[in-house]
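Enquirer: Encoded as structure tokens, here's the structure I'll be asking about.
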Amino acid sequence: MARYDRRKFIRQISLGIGATALAPAISSLAACGSTQEKKLGIALVGLGSYSTYQLAPALLQTKYCYLAGIVTGTPSKEKPWSERYNIPQQNIYNYQNFDNIANNPAIDIVYVVLPIFLHKEFTIRGARAGKHVICEKPMAMSVSECQQMIGACKEQNRMLSIGYRLHFEPFNMEMMRLGQKRVFGKPLEIDCGNGFVWGGDSSSWRLKKALAGGGGMMDMGVYTIQGARYTTGEEPVYVTAKEEKTRPELFKEVDETIFYKLEFPSGTVADGKSSYNANWNHLKVKAEKGWFELTEAYRYGGMAGSTIKGPMPFDPNVNQQALQMDDFAQCIMQNKPTRVPGEEGLRDMKVIEAIYRSIANGGSREKI
Ligand code: NAD
């Protein structure tokens, strides 16, 4: 019996479900019914802005998981979070005692929502504590870190997923369908850009190379690489890139704006760009027999898209994070692979490393 099933089994027994009821209990668990008992417990690790304003509210809307615990380095956050989300004291951890989460059956999944340099450490500690893990994007500081995270989760027989919410968002799912199924023929050219004008604090971890690994490319560019990859359904083989900096005093350590070109095996070329100094948010595709595009592509809501035939008819404001976390909970319960595993984060990191290599080599054409 997998560790998850065994733990649930013990809980079912302790809830007084007798042996005769066992088979139906487990199969209904796999079928994922609607009772509270079947919701998996998630602990958010890091209570910054994404946890506060997106993930925790989304966990009030999920059907298969709920906010069961928190891990924070800021004691003053404990009380308001525990009151707001009804979190018992025994499910509250800090970064030092985090490993004790191993003894807490209320937590099934840890969700790492920390600055990037901490993703590897907390993913591995979470898996070693026997928990399944969701790790935020970008997955880690380097390809090597991604590989270590994947290896540790495999070793512990735990599932690892990356917080790629757009795989659960209807406009982006339509781009995947149109591109991968060649609905308008083969994609020929992709134009993808993501960025915003940095108005934040100059002391942010996002501007420190040792904490963020890089700048606009790591934070925003990863969505465009994702977009090009999931539209073609292919892995790029070569990349050429260049960097521009208009505010070097602010972006001393990390990239501000990067332009890159990806070459895919079947001939598609993607022109991508990322920035902390320009407002971009698009994924546009020219294909052999038409075009399709998102003009609001990577946001939490307010998506917009159309094809040569007219506007895309989807709900622009689904709760992406709720769909993403519910899907992962169902994958665990039904023991089926997630569509956004660690390997998906690793593939993007390979592209990002090749982009940085190309820039370091003066715009060379780098094999990915
Ligand atoms: P944030 O700065 O708002 O929060 C970071 C949290 O980490 C804070 O609670 C901070 O206290 C804590 N922390 C622990 N150690 C720290 C250290 N040494 N330095 C700085 N902070 C430390 O960041 P955020 O926007 O919540 O981003 C967190 C993660 O979530 C990042 O990986 C980011 O890329 C990702 N994110 C993803 C999305 C998405 O749409 N999927 C959106 C926003 C952020």
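The values are calculated or read from the model by the stated rules, or taken from the named source; none is laboratory data. Keep in mind it's a predicted model, so treat the numbers as computed, not measured. With ideal geometry, Cβ positions are generated from the backbone for all residues, glycine too; neighbour counts draw on all protein chains shown. Areas reflect the complete protein model, heavy atoms only, side chains present, ligands, DNA and RNA absent. Shrake-Rupley method; radii C 1.70, N 1.55, O 1.52, S 1.80 Å.
Enquirer: State the volume of the convex hull built on the alpha-carbon positions of segment 137-251, expressed per residue in Å³ and rounded to an integer.
Expert: 157 Å³
Enquirer: With Rg and the Kirkwood Rh both taken from Cα atoms, where does Rg over Rh land for segment 36-112?
Expert: Radius of gyration relative to Kirkwood radius: 0.92.
Enquirer: Moving to a separate point now. Give me the number: length gained by fully extending Lys154 to Ser49, i.e. 0.36 nm times residue separation minus the C-alpha to C-alpha distance, one decimal in nm.
Expert: Between Lys154 and Ser49, full extension yields 34.8 nm more.
Enquirer: Could you work out the relative contact order of the chain? I mean the mean sequence separation of Cα pairs under 8 Å and 6+ apart, divided by the number of residues, in percent.
Expert: Once divided by the residue count of the chain, the mean separation gives 18 percent.
Enquirer: Counting only protein heavy atoms and a 1.4 Å probe, tell me what percentage of segment 37-105's accessible area is made up of carbon and sulfur.
Expert: 47 percent
Enquirer: Okay, moving on. Beyond a 32 Å Cα-Cα separation, which of these cross-linked pairs lie in this structure: Lys120/Lys245; Lys77/Lys131; Lys131/Lys284?
Expert: Lys131/Lys284
Enquirer: As a test of the formula, what do you get for the chain when each DSSP H run with n ≥ 4 contributes -39,500 (n - 2.57) and the sum is divided by the residue count, at 222 nm and rounded to the nearest 500 deg cm²/dmol?
Expert: The per-residue figure over the chain is -9500 deg cm²/dmol.
Enquirer: Another one. Apply the a/c threshold of 1.5 to the C-alpha gyration tensor of segment 62-164 and tell me whether it is rounded, prolate or oblate.
Expert: Prolate is the answer for segment 62-164, as a/c is 1.5 or above and a/b outweighs b/c.
Enquirer: Within segment 174-207, which trypsin sites (Lys or Arg not before Pro) sit in a loop by DSSP and count at most 11 neighbouring Cβ atoms inside 10 Å?
Expert: Loop-located and lightly packed - Lys181.
Enquirer: Using a cut-off of 23 Å between alpha-carbon atoms, which lysines can reach Lys286, once sequence neighbours fewer than 8 places away in the same chain are excluded?
Expert: Lys181, Lys186, Lys261, Lys273, Lys309
Enquirer: Measure nothing fancy, just the Cα-based angle from helix 22-31's long axis to the longest principal axis of the chain, in degrees from 0 to 90, nearest 10.
Expert: 20 degrees
Enquirer: Relative to the compact globular guide of 2.2 N^0.38 Å, what is the alpha carbon radius of gyration of segment 120-200, as a ratio?
Expert: Against the empirical 2.2 N^0.38 Å value, I get 1.46 for segment 120-200.
Enquirer: Please work out the Cα center distance from segment 272-337 to segment 66-86, rounded to the nearest Å.
Expert: 31 Å
Enquirer: Within 10 Å, at most 11 other Cβ atoms, and a DSSP state outside H, G, I, E, B define an exposed site. Report the longest part of the chain free of exposed GluC sites (Glu not before Pro).
Expert: In the chain, the maximal stretch lacking such sites is 1-248.
Enquirer: Rolling a 1.4 Å sphere over the protein heavy atoms, what is the accessible area per residue of the chain, to the nearest Å²?
Expert: 42 Å²
Enquirer: Could I ask something else about it? Relative contact order for segment 151-280 using alpha-carbon pairs under 8 Å, separation at least 6, rounded to a whole percent?
Expert: RCO, segment 151-280: 31 percent.
Enquirer: Continuing with the same structure: Assuming a viscosity of 0.692 mPa s and a temperature of 37 °C, what translational diffusion coefficient in µm² per second does Stokes-Einstein assign to segment 227-318, Rh being the Kirkwood radius over Cα pairs?
Expert: 217 µm²/s
Enquirer: Here's another thing I want to ask about it. With N set to the residue count of segment 257-368, report its C-alpha Rg divided by 2.2 N^0.38 Å to two decimal places.
Expert: In units of the 2.2 N^0.38 Å rule of thumb, it is 1.31.
Enquirer: Can I ask one more? What is the spin-label model distance, in nm, from Arg357 to Arg339 if the labels are put 7 Å beyond Cα along the C-beta direction?
Expert: For Arg357 paired with Arg339, the spin-label model returns 3.1 nm.
Enquirer: No solvent, one uniform scatterer per C-alpha: report log10 I(q)/I(0) for the chain via the Debye equation at q = 0.07 1/Å, two decimals.
Expert: Calculated log10 I(q)/I(0) at the listed q: -0.32.
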